[in-house]
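Okay, so here's the structure we're looking at.
Coordinate-derived values only; no laboratory data. All values derive from a computational prediction rather than experimental measurement. No Cβ is skipped: glycine too gets one built from the backbone with ideal geometry, and neighbour counts run over all protein chains shown.
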Amino acid sequence: MAEFVAEARDLIEAASEDLLALDDGAGPGALNRVFRAFHTLKGSVALFDWPAMLVLLHAAEDGLSAARAGTLAAGASGLVDLSLAALDATARWTEAIAATGTLPTGAEAESARLVARYRDLLAPAGGAAPAGPDPAGPAPDWAEGLLAGLAERPGGVLTALRYVPRPDCFFSGDDPLGLVRRLPGLVALRLDPAAPWPPVATLDVFACNLAVTLLTTDPRAEVEAVFRLVRDQVSVASLAVQAEGTQDVEEAEPASGPEAPRSLRVDAARIDALVALADDLAAARAALGEAVARAASGDDPAACLAALRASDERIGRLSAELHREAVALRLQPLARVFRRFPRALRDVARQLGKEVTLTLAGEATEIDRDVAEGLFEPLLHLLRNAVDHGIEPPALRVASGKPAAGRIVLSAESRGERIVVAIADDGRGLDPAFIRRRAAERGLGTPAALAALDEAGTIDLIFAPGFSTAAAVGAVSGRGVGMDAVRAALARLGGTCTVESRTGQGTTVRLALPRAQSLARLLLVGIGPELYGLPMAAVAELARVPRGRIRDLAPGAATVLRGRTVPVLHLADLLDLPRGASPPEARLAVLQAGGETVAVEVDRFAGRLDGLVRPLPGLAAAPGLAGTVLAGDGRVVLVLDAETLVGDGEERA
């Protein structure tokens with residue numbers, strides 16, 4: 001079942017993409033891929049007792065088969081929408097199966113409604129309308145004996161079938177028992193001679209003389225599908241059966257919370273790399289033990305010290321590599337999240353009567369699985385906002401000189417140990433004056449205080465709880481539960497959210513998120529009694545500069561390093577801490593961040609540390625902080641985000 005769920009998720013995602021491509025006029029390749037996805041799903045579902053799901057997938061397969069045969073146009077009105085609805089139902093049922101092992105309540109009714117829609121769609125096209133669930137009745141004479149002989153009666157509806165193959169069926173390529181084997185729910189089977197056996201001397205061993213009677217839990221539609229090529233030789237009935245000899249069984253509670261089983265698909269090469277590193281680490285540990293034994297036996301202290309240092313460095317390097325490989329197991333491409341949005345965007349745009357194209361970029365960017373899963377809801381809200389609030393109606397866009405179809409770009413890129421996801425649209429943008437008026441109406445500040453805000457501060461008002469720019473509550477927005485929820489969700493993931501907008505040109509929302517928990521090489525620096533960590537990847541060099549070479553230049557300070565002028569910021573100022581006494585020689589950490597070179601003055605350099613940086617939700621909203629790391633003496637050290645720290649400092653200067 002676990003393998004089914006994993007495969008079903010992939011098939012549903014792939015089929016959704018191809019259905020959207022069909023809607024945009026894609027060729028027969030997309031139609032064939034969709035058909036194969038539904039066919040594979042149906043075959044997998046047939047291994048289990050989920051008749052409602054099986055009947056729906058069979059109906060969808062019939063519809064797509066008619067499109068492939070040309071009796072129904074691939075772009076026919078309703079086929080893509082109906083198939084997407086069938087996929088939606090299948091996706092929900094798959095998640096219910098993953099949680100509880102069974103279909104949810106109401107699946108049978110929903111399946112019947114969708115199957116009926118397929119029947120209506122296919123009937124005028126001359127296609128074979130899928131059979132809906134037939135009402136169960138009394139057992140026919142030919143099935144009564146088989147039903148009475150059941151040791152245990154499974155409750156519910158059984159399908160009874162009597163199959164009398166033609167005598168020459170073997171020459172037609174038929175395999176009667178092969179057809180029977182295709183019914184996974186078989187509960188009873190009887191084989192009788194269709195006619196009295198002739199004398200052995202005249203027996204034709206190539207003539208079939210069988211009458212097959214069977215009972216199965218497979219739904220009638222699926223049984224008829226198996227025997228569709230020999231329909232003139234079969235009789236089928238649906239039987240309502242009362243379970244006998246059953247006992248109540250306590251239903252297991254669905255697994256939930258951190259006890260809940262989860263699985264990962266991992267490239268075998270990554271497992272091999274982990275095993276190799278584990279072997280190397282064991283060898284390094286053995287070498288360390290040998291060095292310790294030599295020291296204990298009184299060998300030359302200098303030689304023992306050198307061996308211990310070498311072992312320590314080797315173990316440290318291997319531990320870091322092992323951790324990186326282990327963390328990489330949890331990384332997954334953002335494509336798995338991004339590709340869920342074209343369908344949602346299509347539905348919202350149609351609902352609002354707008355034309356929108358969505359462009360995806362940076363789908364191969366990898367991020368921690370838990371972060372990716374938590375990112376879906378915030379991104380969905382932002383994309384819905386872009387369509388509802390950002391993109392104008394087609395007529396208004398054309399009147400303003402824009403294409404009728406709005407454009408939204410969803411992109412991702414790596415920036416050091418963080419991932420930046422951006423949603424950019426070419427819509428109407430945010431109007432600061434309107435935001436101030438709406439904020440005043442919602443009591444978010446006095447008119448004077450709101451008027452004093454700069455543009456960035458005004459745009460930040462959209463994150464206030466209860467704020468909405470919608471004129472009225474609609475199907476998509478206007479309830480005042482929006483950007484504040486997005487920012488809160490990002491904070492829980494250890495991320496931040498910023499917005500840039502130009503009136504009439506569009507809006508860009510950027511989400512900065514940690515890629516994963518990672519071992520980082522840090523430079524430890526001190527301000528007063530406290531230590532802070534700067535990522536070594538951002539440190540270009542360390543310098544000691546006489547105080548007289550640092551000049552105060554409005555609006556900040558600068559010095560000359562290696563023939564170029566470099567701005568100088570003090571870490572105490574960046575962290576809103578009091579400065580200590582200024583020594584005659586300034587200690588500068590020269591950072592490369594955001595394409596800029598900036599020198600940051602600290603009180604002291606305190607060495608280097610390799611540690612696991614853990615993002616903390618409580619620090620997510622604090623600018624310049626990336627997380628925490630545990631020092632060797634047990635202290636918790638704050639790790640600084642060089643890019644954000646320097647960017648904020650330059651803005652202040």
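What to note about this one:
- When Rg and the Kirkwood Rh are both derived from Cα coordinates, the Rg/Rh ratio for the stretch 269-329 amounts to 1.13.
- Summarising the amide proton neighbourhood of Gly495: residues at separation of 5 or more, or on other chains, whose placed amide H is nearer than 5 Å comprise an empty set.
- In this structure, the amide hydrogen of Ile367, modeled 1.01 Å from its nitrogen in the peptide plane, lies closer than 5 angstrom to those of Gln332, Leu334, counting only residues at least 5 positions away or on a different chain.
- Distance from the C-alpha centroid of the stretch 150-228 to that of the stretch 8-23: 37 Å, rounded to the whole angstrom.
- Added length on full extension, which subtracts the Cα-Cα distance from 0.36 nm per residue, Asp120 to Ala278: 50.8 nm
- Cβ-based exposure ranking for Cys208, Cys497, in which fewest neighbours within 10 Å come first: Cys208, Cys497
- In whole angstrom, the stretch 2-125 maps to an equivalent ellipsoid with semi-axes of 23, 16, 11, each derived as √(5λ) from the alpha carbon gyration tensor and ordered largest first.
- Annotation: amide H-H contacts under 5 Å for His570 (H modelled 1.01 Å from N, sequence separation of 5 or more, or interchain): Glu601.
- Calculated FRET efficiency, Val5 to Glu355, Cβ-Cβ distance, R0 = 35 Å: about 0.45 to the nearest 0.05.
- Among Phe434, Phe338, a tally of other beta-carbon atoms within 10 Å of each Cβ gives an order, fewest to most, of Phe434, Phe338.
- Distance-filtered residues of the stretch 574-609 - backbone nitrogen under 16 Å, label point 7 angstrom along Ala540 Cα→Cβ: 588-601
- Unit charges on C-beta of K, R, D, E only; dipole of the chain, Debye: 1900 debye
- The charge dipole of the stretch 141-241, taken about its Cα centre with unit charges on the Cβ atoms of Lys, Arg (+1), Asp and Glu (-1) only, comes to about 160 debye.
- FRET efficiency, 1/(1 + (r/R0)^6) with R0 56 Å, evaluated for Ala302 and Ser414 via beta carbons: 0.80
- Kirkwood hydrodynamic radius of the stretch 141-241, Cα pairs, Å: 14.4 Å
- The label point for Ala404 and the one for Leu612, both projected 7 Å from the Cα toward the Cβ, are 5.7 nm apart.
- Applying 0.36 nm per residue to the separation of Arg231 and Ala488 and subtracting their alpha-carbon distance, the gain on full extension is 86.5 nm.
- Estimated vicinal HN-Hα couplings, Hz - the stretch 569-586 in sequence order (Karplus 6.51, -1.76, 1.60; Gly, Pro = x): 10, 9, 4, 4, 5, 5, 9, 6, 10, x, 7, x, 5, 8, x, x, 10, 8
- Lys/Arg +1, Asp/Glu -1 at C-beta; the stretch 286-363 dipole; positive extreme among Ala328, Ala296, Thr359: Thr359
- Taking Trp197, Trp50 and counting other C-beta atoms within 10 Å, the order from fewest to most: Trp197, Trp50
- Cα-based convex hull volume of the stretch 518-652 per residue, rounded to whole Å³: 112 Å³
- Cβ-defined net charge surrounding Gly504, 15 Å radius [Lys, Arg +1; Asp, Glu -1]: -1
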